[in-house]
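> The structure is given below, and queries will be raised subsequently.
The values are calculated or read from the model by the stated rules, or taken from the named source; none is laboratory data. As the structure is a prediction and not an experimental result, all values here were calculated from the model. Don't worry about glycine lacking a Cβ; one is built from the backbone with ideal geometry, like all the others, and counts go over all protein chains shown.
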Amino acid sequence: NQALSGDRTAGEPELKSVGDGSIGNNQGFSLRRVRLVFSGDINEYISLYLQPDFATTNGDLHFAQLRDAYADLAFDKAHEYRIRAGQSKVPFGWENLQSSQNRLTLDRDDALNSAVPSERDLGLFAYWSPSDVQKLWKDLAKKNLKTSGDYGVLGLGVYNGQGVNKAEANDNLYLVAHSTYPFDLGFMGLRGQVVEVGADAMSGRFNRSTSAYTSRFGSGTPTARDNSEDRVGVHAVLFPQPFGLQAEWNWGAGPTLNPSANRIERQNLEGGYVQAMYKIDNVFGTKGSMMPYVKWQTYDGAWKGVANAPRVNVDEVEAGVEYQINKALELTVAYATMNRTQIQTQTTAAGFLQQASGDLIRTQLQFNY
Amino acid sequence: NQALSGDRTAGEPELKSVGDGSIGNNQGFSLRRVRLVFSGDINEYISLYLQPDFATTNGDLHFAQLRDAYADLAFDKAHEYRIRAGQSKVPFGWENLQSSQNRLTLDRDDALNSAVPSERDLGLFAYWSPSDVQKLWKDLAKKNLKTSGDYGVLGLGVYNGQGVNKAEANDNLYLVAHSTYPFDLGFMGLRGQVVEVGADAMSGRFNRSTSAYTSRFGSGTPTARDNSEDRVGVHAVLFPQPFGLQAEWNWGAGPTLNPSANRIERQNLEGGYVQAMYKIDNVFGTKGSMMPYVKWQTYDGAWKGVANAPRVNVDEVEAGVEYQINKALELTVAYATMNRTQIQTQTTAAGFLQQASGDLIRTQLQFNY
Amino acid sequence: NQALSGDRTAGEPELKSVGDGSIGNNQGFSLRRVRLVFSGDINEYISLYLQPDFATTNGDLHFAQLRDAYADLAFDKAHEYRIRAGQSKVPFGWENLQSSQNRLTLDRDDALNSAVPSERDLGLFAYWSPSDVQKLWKDLAKKNLKTSGDYGVLGLGVYNGQGVNKAEANDNLYLVAHSTYPFDLGFMGLRGQVVEVGADAMSGRFNRSTSAYTSRFGSGTPTARDNSEDRVGVHAVLFPQPFGLQAEWNWGAGPTLNPSANRIERQNLEGGYVQAMYKIDNVFGTKGSMMPYVKWQTYDGAWKGVANAPRVNVDEVEAGVEYQINKALELTVAYATMNRTQIQTQTTAAGFLQQASGDLIRTQLQFNY
C-alpha cells in the first residue's frame, strides 16, 4: 500500500538589503526552499518518507539534494513507540524541530540551530509518544497553532554528527536526548491554554575541516586540538490563544577557532531567544489569520557549520507579522535590527571575525500544499 | 486538492557528425531532456508547477536541476488576469515560449534565444489572456497545431537577469514586455486559418563573468565597461492548415567582447529566422502526421550565455521532417548546413572566434507523456 | 495513460570496519541507495521508466542523479520482441542484471561487474522473450525466488561504453550480446526445480582518462596504447528450492595500467564466483524467510571504472544470512574475509597497487516498496 503526498514551500520573492554579512549585496529574487515530499505507509507498522530539496546550490543553483530519507518502524498500532532510521531531524531543541512551514519567523535562532546546522543527520532515533499527547498535538494543529511536530515526549538518538549530506569523518557517533511535554492548563481554570516545556542534551565528536583564514586577530590554517561538543538546552512554549510566548536557551562547549593561538580548541557557548506573538483570526472578515510577533535572540559561541568553526556573537531583535491569507498562501514582512560576527568570507582581515550591524526589511511569499 | 501529471521528453538517440564547434566530435547517444512535471491546483485561484530536468551536466552527467518552479495566482475564475511568481519562462519571443515538445525544429533560433538563454529566470510576471483568446489557443492545440502556450496577450515582468539557475550578481532587475494576438481569418473568407502577430521588448543590466581567453584578434581577461542590454522583437505566425509560415526578428544592443580592445562593451545585435512548414495528416493511412519544414536563420551579436559574451555570427539553413507516429512517439530527421562562430573553447587562438561551417544530419527520437 | 509506482531501497545502517581500501576508516551510518521509480505504460506498446538515485555524491552527499531513463517499444502485444532506448542496464552477466533489491549478497562480484561498472549505459537494446519463459520467470518471482529480471532469452545492444552518466569520449560504440534460458527440470522428475544457463559476449573501445599516479612499481601519467576490450562470460543458476547454486565466470582482455612501462595496454583478465544458498520459509512461525549463503569470488584484471584502469587482484569469501522479515523490510548480516588490490588512492607509493586483506562484518537494513 502506497500513497504520494506533496509539500512544497517556496519562499520568494525575498528582497534583501543592508551590507550585512549574512544578507549581502547583489541580491534580487531567490528561491529558499522548493521541496517535494514522497511518503507512504507500507503496512501498519512501517512508513517511508523522502524529501528532496530543489533549491540546493552546487556551483550553479537549484540542484536536487536530499533533506529527509527515513523509515519509521512502529512497535505498536498506536505508534506510541517508534524507531526512525535514516536521514532525519536530530531531536535537539524545539524550534529546530518545527517545520519551516509552521515557523513564524523567517529564520531559526542561531543559538539552538548552531547545535545541528540544517537540523538533520544520518542515524538511528527512538521516540515515545503516548496516545493522549499525540491527540493533544493534533488538536493544537487543527486550531492552526504551530506545534513542532511529533518527535516524542522522549527521544533518544545516535547519529554521525558531521552534518547533513556530509561524509562521516571519524569513528565517533553523536548521542542526543530529547524531552518535551504539553500541559493542558484546564485544571487551573485556563481552558484550552497549553504550555509545553522540555529539556535536551547532546554529546559527541566531529571533524571540523580547517582551511586558511585571515583576520585581524591572527591568521593561518588552524590545528585541531579538541573536537568534542556537549550541550544542554531547555524550552518553554505557551501556544498563542490569542497571546503566546516561546523561549529556548542552551549552554555548552564545543570546538571553536582561537585565532590568536591559531588552533581549534574547546570553548564555552551560550545563547537563546524569547519570542512573543499574538494570533488574530478572521482578519478583514475573511478566514485568514494574522500573527504579529517580536523575537529577541542572542548567541555567543562557535558556528560549527562553516570551516574552522569560528566564534560568532549575535544580538538581534526582529519584529514582523505573518498573514496567512488561506491554506496555500502566506505572506510575511519582518523588520530586524541585528549585530553579528562576519564569518562567511574568511580571507579578508578587514572583514573576518568583525562585528557587523544593520537594519533590514524582508518580505517572503510562501506557497504550501 | 492536488494532482500529479507527468511530461517526459527524452530526445535520443542523437547521432551527431561534422567538426562543428557546437556539435563536436566523439559523440554517441545522448539524452537531451529528461523532465518530470509535478503540478497541481491548490484552489480555484492558486496553482503550483515544478519541473526538474534529469539531464543536467554537473561534472558528470544526468543530475537533477530545476527548470521551472512557480506559482500562478489568478485574480478571477476565468484566469484572465494572472501573476506568476518564481522561476519560469521569460516572455520574450514566440519560439522561446514554445515548449520543446511542441517545437518542430531540433533547436531554437540563436537570434531570439540569445536574449534569454535557457528561456527562464527568477522573477515576477503578470499576464492578461482574454477568455476568447484562451479558447482559440485551445482549439488550435486540439487540431495538433503547435502554439507557444498561454503567456498572455499582454505580459509584463521583472526578473534577476543573470540566467537560469545562476545567482543574482547585481542589484538591477530586468524588465520585459510581451504582446501577441491570434487573428482568426474567417472574416476574410479563410475559414479556420489563424495568423498570430506580436512584439516584445526587454531592458536590463547583468554581470557577465569574465575569464582569460586567447584568440587571433586579441587575448587577456577583459574588463567590463557596460553591461546594459536592450532589445525589441517582432513575430508573425501562420499556423499550418496545411501550409504554415513562421518568422521572428529582433534588434538591440548588449554587452559584447571586443577582443582587440580587450574589454566588454555595448555593441549592436540583430537577427531572426523564417520558417515554412506543411502538415500532412493520416500518413500511410494511420493517425500519424508528418510535417516537413525548412528554416533559415541568421544572427550577428553577442552570446551572453557564455563567459566574456563573445560575438557570434550564425547563418544556417535546416530542412527536416517530423513524423508524429502517435501521441507518445515522435521521430525527427533534419539536415542542416551551418556557418557559425566557435565560442565554446576560448583558449585556443586557432579556434576561438573563428568561423566554422559544415553539413550535418541529426536524428531525434522523442517520447512524450 | 500514466501510472506512478515507487521503489525505494535504502541500505543502512552499514557499520563498516577493517582498514581495507574499499571499506575504509571513519565511517558511520550511510545511505547506499535511495531511489524512486516513475514508470508508466503510455499505450499497449510503449512504456517509459525513470529512476533517479538520491544517494549520489557530488562534492557533498545525496544529490539526485539518473540511474535509468528508457523507453520500451514492444512490437507485439505479448511483448515478446522489444527495443529499449535510453539509459538502462547493459545485458552482460546474470548478477549484473539482478536488481539490488533481489540480490542476496551486499555487493556484486568484481569479475563480471568490472565489465560494466554501475551496470548501465546509454544505447539501444533489442530483447526477445518468448511468452512461456516470461511466465516461468514470473512464477519464480511469485515464489520469492530471486530472478535477474526480464532481459530476454536473447539480447543484443549497442551503447556508448564510457560508463553511466559519463560523456561519450570517442566515436566507437560497444556491442553486447546476451543469452540465458531457464530449464524446468520437471522432465527429470525434479518437479519445480529450475536451472538457468546462458552466455554473454561484449566488445568495444573506450577512452580511459589518465591521471598522475605513484606506486612502488612505477609512477607518472600513463600513455594510452590500446583501448579495445573484449569479454565472454557464462552463467548457471539453480534456484534455491530449498538448496541453490549460482556461478558465473568471464574471460577477456582490456585496457590495463602497466606501471613499469607507464602505459595503458591490452592485458588479459579473468574471474568469477560460485555461490551456494539455502532458503528457509516461515522462520519462527512467521511469514518471513531466511536465506543463509556463502560466496567465493576471484578476479584478476583491470578495473576500468577508475582512472588509469589499474589491475586488481581480488580473492574473497563471504558468508551471510538475509532475513526477509516481511515484504518491506529486510536485514542482512554478512561476514567476509577479503584480499584485494588497493586502487582508490593512487598517489601514495605505499598504498597504490598493494594487496590489502582483512575480515569484516557488515549489517544492512533495507526497505522496499
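> Does C:Asn170 fit the bill of being touching a strand residue (DSSP E or B) at 6+ places or on another chain (Cβ under 8 Å), of a type outside the set (Phe, Trp, Tyr), surrounded by fewer than 21 Cβ atoms within 10 Å (Cβ to Cβ) and in contact (Cβ under 8 Å) with a residue 60 or more places away in the chain?
Taking the combined requirement at face value, the residue does not satisfy it.
> With respect to B:Phe187, determine if the residue is assigned to a strand (DSSP E or B) and either at pLDDT below 95 or farther than 23 Å from A:Gly59 by Cβ (or both).
For B:Phe187, the condition - assigned to a strand (DSSP E or B) and either at pLDDT below 95 or farther than 23 Å from A:Gly59 by Cβ (or both) - is not met.
> Residues being farther than 18 Å from B:Ala177 by Cβ, hydroxyl-bearing (Ser, Thr, Tyr) and in contact with an Asp or Glu (Cβ under 8 Å, 6 or more places away or on another chain): count how many of those fall in segment B:92-144.
2
> If I ask for residues that are at the interface with chain B (Cβ under 9 Å from one of its Cβ atoms) and either of a type in the set (Lys, Arg) or under 22 Å from C:Trp137 (Cβ atoms) (or both), which ones from segment C:68-89 would you list?
C:Tyr70, C:Ala71, C:Leu73 - these are the residues of segment C:68-89 that are at the interface with chain B (Cβ under 9 Å from one of its Cβ atoms) and either of a type in the set (Lys, Arg) or under 22 Å from C:Trp137 (Cβ atoms) (or both).
> Of everything in segment C:221-241 that's surrounded by fewer than 17 Cβ atoms within 10 Å (Cβ to Cβ) and among the charged types (D, E, K, R), which residue is modelled with the highest pLDDT?
Here the answer is C:Asp230.
> So C:Phe217 fits all but one of (1) in contact with a Pro (Cβ under 8 Å, 6 or more places away or on another chain); (2) at pLDDT 95 or above; what number is the exception?
Among (1) in contact with a Pro (Cβ under 8 Å, 6 or more places away or on another chain); (2) at pLDDT 95 or above, the lone unmet condition for C:Phe217 is (2).
> When only residues in segment A:209-263 that are among the acidic types (Asp, Glu) and without any contact (Cβ under 8 Å) to a residue 60 or more places away in the chain count, which is farthest from A:Val294 (Cα to Cα)?
Ranking the qualifying residues of segment A:209-263, first place goes to A:Asp226.
> All but one of (1) in contact with a Leu (Cβ under 7 Å, 6 or more places away or on another chain); (2) assigned to a loop (DSSP other than H, G, I, E, B); (3) within 11 Å of another protein chain (Cβ to nearest Cβ) hold for C:Gln162; which doesn't?
Among (1) in contact with a Leu (Cβ under 7 Å, 6 or more places away or on another chain); (2) assigned to a loop (DSSP other than H, G, I, E, B); (3) within 11 Å of another protein chain (Cβ to nearest Cβ), the lone unmet condition for C:Gln162 is (1).
> Taking the residues in segment B:312-329 that are at pLDDT 85 or above and either of a type in the set (S, T, N, Q) or crowded, with 19+ Cβ neighbours inside 10 Å (or both) as candidates, determine which candidate is nearest to B:Asn258 (Cα to Cα).
So the residue we want is B:Val312.
> Sticking with this structure for a sec: Could you please tell me which pairs satisfy a Cβ distance under 6 Å, a separation of 6+ or placement on different chains, a first residue in segment C:351-369 that is within 12 Å of chain A (Cβ to nearest Cβ), and a second residue that is among the acidic types (Asp, Glu) and in a strand (DSSP E or B)?
C:Gln366/C:Glu330
> Tell me which residues, restricted to segment A:320-330, are among the β-branched types (Val, Ile, Thr) and not in a strand (DSSP E or B).
Hits for segment A:320-330: nothing passes.
> Only one of (1) at pLDDT 75 or above; (2) within 10 Å of another protein chain (Cβ to nearest Cβ); (3) part of a loop (DSSP other than H, G, I, E, B) is not met by A:Ser47, so which one is it?
The one condition A:Ser47 does not meet is (3).
> Does A:Ser131 meet the test of being among the small types (Gly, Ala, Ser) and either in contact with a Lys or Arg (Cβ under 9 Å, 6 or more places away or on another chain) or free of Cβ contacts under 8 Å to residues at least 24 places away in the same chain (or both)?
When the stated conditions are applied, A:Ser131 does not pass them.
Yes or no, residue by residue, for (1) in a strand (DSSP E or B); (2) over 23 Å from the mean Cα position of the chain (by Cα); (3) at pLDDT 85 or above; (4) surrounded by fewer than 16 Cβ atoms within 10 Å (Cβ to Cβ):
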residue	(1), (2), (3), (4)
A:Thr332	yes, no, yes, no
A:Tyr335	yes, no, yes, yes
A:Ile343	no, no, no, no
A:Gln346	no, yes, no, no
A:Ala349	no, yes, no, yes
A:Arg362	yes, no, no, no
A:Leu365	yes, no, no, no
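> Another question, if that's okay. With among the hydrophobic types (A, V, I, L, M, F, W, C), without any contact (Cβ under 8 Å) to a residue 60 or more places away in the chain, under 21 Å from C:Thr147 (Cβ atoms) and crowded, with 16+ Cβ neighbours inside 10 Å as the only criterion, which of C:Val306, C:Val274 stands out?
Result: C:Val274 is the single residue among C:Val306, C:Val274 that is among the hydrophobic types (A, V, I, L, M, F, W, C), without any contact (Cβ under 8 Å) to a residue 60 or more places away in the chain, under 21 Å from C:Thr147 (Cβ atoms) and crowded, with 16+ Cβ neighbours inside 10 Å.
> Evaluate the following for B:Gln65: is it under 20 Å from A:Val34 (Cα atoms) and more than 10 Å from chain C (Cβ to nearest Cβ)?
no
> Evaluate the following for C:Glu196: is it crowded, with 17+ Cβ neighbours inside 10 Å, within 14 Å of another protein chain (Cβ to nearest Cβ) and among the charged types (D, E, K, R)?
Criteria not met by C:Glu196.
> Could I ask something else about it? In the list B:Gly204, B:Gly244, B:Gly218, which residue meets the criterion of being crowded, with 18+ Cβ neighbours inside 10 Å and more than 14 Å from chain A (Cβ to nearest Cβ)?
B:Gly244
> Additional query: What number of residues in segment A:264-309 are more than 15 Å from A:Arg103 (Cα to Cα), of a type in the set (Phe, Trp, Tyr) and modelled with pLDDT of 90 or more?
Qualifying residue count for the region: 3.
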